[in-house]
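**Student:** Could you have a look at this structure, given as structure tokens, before my questions?
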Amino acid sequence: MRYSRKPVAFWHVPASARGSGQGLRRLVDRVREERATYIIERGGTAVAQIGPVEHKTFTVTDFEDFIRTAPCADEAYATAVDAAVRRHNKPRVTAQSVGTIVDTSVLIAIERGQVDPSVLRGLDPNEEVAIAAITASELLHGVHRLKSAVARTRAARFVELTIESLRVVPFDLDVARIHAQLDAELSAAGLSVGDADLMIAATAVSLDYRVATRDLRSFPRIHGLSVVRW
């Protein structure tokens, strides 16, 4: 079996199961890093292809509609998520932000009806709005903490709407590299930021996105990060 990416030369993969598995993992890494599509051939015949997944962009306009229509969950849910966030937890010149990573505090404020869609004025309505994977974890953590079945159902409805609507950006190798750099810079400066906030920041920096938050204590400490309050 061999892999190719037009017009790149074929990539030979060992015949053993173990070697093929390792080759496939390397191929997946290259697809992720290069955003390229590879053709898989067997006996000179193309049998499959592997490439990056295209995501529907959730825009600023979509997020404005989300703010207006998101169902409200039980107040106990917001309190539970707040507990999860607490548990986890001069800028360099960068390119202008082309999207926004929304942190948990903004989503909980939306759930409580505390975010006015007017905060989105001045943004390109076609910019992407997304969340980091750790934010999805914090939201789901809040659901699992609830003892009332009714409250869990209401909270789960809000959470599932959120993670189905917004792209959830994974904490992959690219984000991990930036996370390590930011963490080292903070340590060298004698500063600290909560684990979840640092993961959110690294996700945003990896995309050249800003972070939208209601908590302006931690994020402004992070070198190279654009921060807005929503």
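The values are calculated or read from the model by the stated rules, or taken from the named source; none is laboratory data. Note that this is a predicted model, so its numbers are computed, not measured. Don't worry about glycine lacking a Cβ; one is built from the backbone with ideal geometry, like all the others, and counts go over all protein chains shown.
Okay, residues lined up against (1) touching an Asp or Glu at 6+ places or on another chain (Cβ under 6 Å); (2) not β-branched (Val, Ile, Thr); (3) not assigned by TED's automatic domain parsing to the domain that holds Phe219:
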site	(1), (2), (3)
Thr104	yes, no, no
Ala109	no, yes, no
Val129	no, no, no
Ile134	no, no, no
Arg152	no, yes, no
Glu160	no, yes, no
Leu166	no, yes, no
Val175	no, no, no
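**Student:** Tell me, please, whether a residue that is more than 22 Å from Leu120 (Cβ to Cβ), modelled with pLDDT of 70 or more and assigned by TED's automatic domain parsing to the domain that holds Ile163 can be found in the stretch 56-71.
**Tutor:** Within the stretch 56-71, not a single residue is more than 22 Å from Leu120 (Cβ to Cβ), modelled with pLDDT of 70 or more and assigned by TED's automatic domain parsing to the domain that holds Ile163.
Conditions (1) crowded, with 20+ Cβ neighbours inside 10 Å; (2) charged (D, E, K, R); (3) in contact with a helix residue (DSSP H, G or I) (Cβ under 7 Å, 6 or more places away or on another chain); (4) part of a loop (DSSP other than H, G, I, E, B), marked per residue:
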| position | (1), (2), (3), (4) |
| --- | --- |
| Gly142 | yes, no, yes, no |
| Thr162 | yes, no, yes, no |
| Gln181 | no, no, no, no |
| Glu185 | no, yes, no, no |
| Gly190 | no, no, no, yes |
| Leu216 | no, no, no, yes |
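**Student:** For residues in the stretch 119-140 being of a type in the set (Gly, Ala, Ser) and over 20 Å from Thr69 (Cα atoms), which is surrounded by the fewest Cβ atoms within 10 Å (Cβ to Cβ)?
**Tutor:** Gly122
**Student:** Something else about it: What number goes with the only condition from (1) out of contact with any His (no Cβ under 9 Å at 6 or more places or on another chain); (2) closer than 30 Å to Asp29 by Cβ that Met199 does not pass?
**Tutor:** (1)
**Student:** Continuing with the same structure: Only one of these is surrounded by fewer than 18 Cβ atoms within 10 Å (Cβ to Cβ) and within 26 Å of Pro71 (Cα to Cα): Asp116, Asp174. Name it.
**Tutor:** Going through Asp116, Asp174 in turn, the sole match is Asp116.
**Student:** Checking the condition more than 26 Å from Val228 (Cβ to Cβ), modelled with pLDDT under 80 and within 19 Å of the chain's Cα centre (by Cα), which residue from Arg32, Arg42, Arg25 passes?
**Tutor:** Arg32
**Student:** Additional query: For the stretch 199-230, name all the residues that are under 22 Å from Ala189 (Cα atoms) and among the hydrophobic types (A, V, I, L, M, F, W, C).
**Tutor:** Residues satisfying the conditions are Met199, Ile200, Ala201, Ala202, Ala204, Val205, Val211, Leu216, Phe219, Ile222, Leu225, Val227.
**Student:** Now for a different question. Which one of Val211, Val228, Val150, Val169 is among the β-branched types (Val, Ile, Thr), surrounded by fewer than 21 Cβ atoms within 10 Å (Cβ to Cβ) and within 17 Å of Phe63 (Cα to Cα)?
**Tutor:** Val228
**Student:** Go through the stretch 105-149 and report how many residues are closer than 22 Å to Ser218 by Cα and among the hydroxyl-bearing types (Ser, Thr, Tyr).
**Tutor:** Residues in the stretch 105-149 being closer than 22 Å to Ser218 by Cα and among the hydroxyl-bearing types (Ser, Thr, Tyr): 3 in total.
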